[in-house]
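This report refers to the structure that appears directly beneath it.
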Amino acid sequence: MTTAWSDAQAQGDMRPRSPVAGKSIGEYLIGRLLESGVRHVFGIPGDYVLSLAAMIERSPVQWVGCTREDCAGFAADAYARINGIGAVCVTYCVGGLSLCNSIAGAYAEKSPVVVLSGAPGLRDRVKNPLLHHKVKDFRTQLEVFRRLTVAAADLTDPATAFREIDRVLEAVQRYRRPGYLELPRDMVHVIPEGTYVPRPVRMASDPDVLAEAVAEAVRRLSAAQRPVIVAGVEIHRFGLQDRLLALAEQSGIPIATTLLGKSVVSERHPLFVGIYEGAMGREEVTRFVEESDLVILLGAFMTDINLGVFTANLDPGKCIYATTEQLRISHHHYHDVLMCDFLEGLIAAGVRVPPRPIPPRLEASDTAWQCQPQQPITIERLIARLNYYLDASTVVIAEAGDALFASTDLVIHQQTEYLAPAYYTSMGFAVPGALGAMTARPDLRAVVLVGDGAFQMTGMELSTLVRRKLAPIVIVLDNQGYGTERLLHPGDFGFNAVLPWRYHKVPEVLGAGCGYEVRTEGDFESALAAAWGDREHFSLIHVHLDGKDCSGALRRLAARLAAQV
Ligand SMILES: Cc1ncc(C[n+]2csc(CCOP(=O)(O)OP(=O)(O)O)c2C)c(N)n1
Ligand SMILES: [Mg+2]
């Protein structure tokens, strides 16, 4: 699955656009969103944003009304990860400030979400009245979002509004991070005077620096006996999956991925090694990467979770570290080199590396499933069984908590069919994420893995999935509270408990979908088979787990973190 954006846009190369005259600010904004690939806007209306919301509803962009603004933000984030760009539209402060956490996550994990917010009209602001939803002054929300986005603007001046819209959208596309546009309610229909001539920004590498960087990398690659690529999330965000494969297949370099980058390459590809996560990951993969004499990190964030809480043991002297923000080869730093140009340079050099045996991969069939019908189900057995079912039309969405750690053992078939907040790790992403993913790609079926604690935060966004007739499979992992926290802080703390809900009854509340209650392997077997066969309704599988049960990855991570808290 690649994003909607072309390679040219991945390089920041914006298409020339015609001069604009006679359009209102709202019309221009919606037109530019459409051109950028936005077909849906997630949101909740309010009086300060009603005219923009109405204009959106009359446009080819579809409005997807959510139950809470943070959910709308998570949905727009997942949509952006799959579609290449997403958008969320909210009212002033009560809506916008509820979005902060979702947009912070999108920023941290490089997801290009455009935030559209209404605001009091300029005429309403004369003499600084105490208008509803205002916090300190009229700029409070804008100032907050300046800190959470790559570019922010309030469209208060018709003379600069179109240029500001372009500036924000170009920054969102260039950095794959969220942007913020605030539109006072009396500006939506204002038509700026004169003709606006767009001036797209063209990003380019410095050819001399690029040539020198590629030459050094090729020299090191030609001398290497055991190189490996560690591919990260930016490969997906910048639509470079095919280029990554071109490099790996032509040179024979094996590929590992980071956890945040899980599924940037099909996990069934013959060159795929596994997920590299330092001491948290599978030992064979850690050893393979750390015994390599050249590690090419492509678009990988060096986060604590990605690196197994910094237990990864990579000597910078034997690394090439290329992201869209920096390029470092051993201890040399190169500036003004686009990651995509660097990648092309490596491909063009046509280096072949000596063949190297790849350790046996985790295959779905490795964890042979012999159902023991009376045996209480465990998270590891559940994941092993789910592995058999995954196919090219499934997108797995894993929530922060053990859902995330356990799901590292799932074998993902196609590029980018796995979404998780694997760095920012906010709870609440997964169910709204299914809404975003299935809105972007209704041909995909979302399988959501979510803890009971996280489900109680945003699980009721299922309501919107039902309204839109989408049918995900939601697996609620009920270990009676905040299991991850219990492992970090051993002891019987009341603050890790949640009220035990009858999660499988949620379909009754919503008047749609099917609920299943699971305690044993036999129960899970039949619930999963029934859910998989039902493409019409959403399924909610409530899995009772032992309070002490957890995945191997979480056990290893908790051992590391517990030593630090
Ligand atoms: C929004 C948010 N609040 C708090 C946390 C801290 N936190 C991390 S894991 C966790 C517990 C998650 O519980 P649950 O969803 O039941 O999953 P489990 O750990 O039991 O698998 C908490 C509270 C967080 N990551 N995100
Ligand atoms: Mg739990």
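Numbers below:
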| item | result |
| --- | --- |
| Qualifying residue in region 387-404 (condition: open to solvent by 10 Å² or more (accessible area, probe 1.4 Å), within 14 Å of ligand 2 (Cβ to nearest atom) and either at pLDDT below 90 or more than 14 Å from the chain's Cα centre (by Cα) (or both)) | yes |
| Helices (runs of 4 or more DSSP H) contained entirely in region 503-564, each with at least 2 residues that are open to solvent by 70 Å² or more (accessible area, probe 1.4 Å) | 506-510, 552-562 |
| Some residue of region 194-209 being part of a helix (DSSP H, G or I), in contact with a Phe, Trp or Tyr (Cβ under 9 Å, 6 or more places away or on another chain) and acidic (D, E) | no |
| Enumeration of residues in region 23-39 that are surrounded by fewer than 19 Cβ atoms within 10 Å (Cβ to Cβ) and either within 25 Å of S463 (Cβ to Cβ) or touching a Cys at 6+ places or on another chain (Cβ under 8 Å) (or both) | R39 |
| Count of residues meeting criterion [within 16 Å of ligand 1 (Cβ to nearest atom), open to solvent by 10 Å² or more (accessible area, probe 1.4 Å) and out of contact with any Asp or Glu (no Cβ under 8 Å at 6 or more places or on another chain)] in region 409-440 | 2 |
| Single match in G73, G118 (criterion: part of a helix (DSSP H, G or I), at pLDDT 95 or above and buried (at least 19 other Cβ atoms within 10 Å of the Cβ)) | G73 |
| Residue selected from region 488-499 under the condition open to solvent by 70 Å² or more (accessible area, probe 1.4 Å) and touching a residue at least 24 places away in the same chain (Cβ under 8 Å), by the criterion nearest to ligand 2 (Cβ to nearest atom) | L499 |
| Region 450-466 residues that are farther than 14 Å from S426 by Cβ and among the aromatic types (F, W, Y), paired with ones that are more than 15 Å from ligand 1 (Cβ to nearest atom) and not in a helix (DSSP H, G or I) (beta carbon under 7 Å, 6 or more apart) | none |
| Considering residues of region 441-460 that are away from ligand 1 (no atom under 11 Å from the Cβ) and surrounded by fewer than 24 Cβ atoms within 10 Å (Cβ to Cβ) only, the residue nearest to H544 (Cα to Cα) | M460 |
| Restricting region 461-487 to residues that are more than 8 Å from ligand 1 (Cβ to nearest atom) and hydroxyl-bearing (S, T, Y), the residue that is most open to solvent (accessible area, probe 1.4 Å) | S463 |
| Flag for D124 being assigned to a helix (DSSP H, G or I) and either crowded, with 20+ Cβ neighbours inside 10 Å or among the polar types (S, T, N, Q) (or both) | no |
| Selection within region 459-480 - within 16 Å of ligand 2 (Cβ to nearest atom) and assigned to a strand (DSSP E or B) | V474, I475, V476, L477, D478 |
| Boolean, T416 is closer than 29 Å to R560 by Cα, within 16 Å of ligand 2 (Cβ to nearest atom), at pLDDT below 95 and among the hydroxyl-bearing types (S, T, Y) | no |
| Residue match in region 488-495 (condition: more than 10 Å from ligand 1 (Cβ to nearest atom), outside any helix (DSSP H, G or I) and at pLDDT 95 or above) | no |
| Number of positions in region 440-458 that are within 19 Å of A512 (Cα to Cα) and within 16 Å of ligand 2 (Cβ to nearest atom) | 4 |
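For (1) crowded, with 22+ Cβ neighbours inside 10 Å; (2) within 26 Å of L561 (Cβ to Cβ); (3) touching a Phe, Trp or Tyr at 6+ places or on another chain (Cβ under 8 Å), each residue gets a yes or a no:
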{"residue": "A217", "(1), (2), (3)": "yes, no, yes"}
{"residue": "F238", "(1), (2), (3)": "yes, no, no"}
{"residue": "D242", "(1), (2), (3)": "no, no, no"}
{"residue": "L260", "(1), (2), (3)": "yes, yes, yes"}
{"residue": "G317", "(1), (2), (3)": "no, no, no"}
{"residue": "Y321", "(1), (2), (3)": "no, yes, no"}
{"residue": "Q326", "(1), (2), (3)": "no, no, no"}
{"residue": "S330", "(1), (2), (3)": "no, no, no"}
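The values are calculated or read from the model by the stated rules, or taken from the named source; none is laboratory data. Since this is a predicted model, take the numbers as computed values, not measurements. Reconstructed Cβ throughout: ideal geometry from the backbone, glycine too, with neighbour counts over all protein chains shown. Heads up: the accessible areas ignore ligands, DNA and RNA and are worked out on the full protein's heavy atoms, side chains in. Shrake-Rupley method; radii C 1.70, N 1.55, O 1.52, S 1.80 Å.
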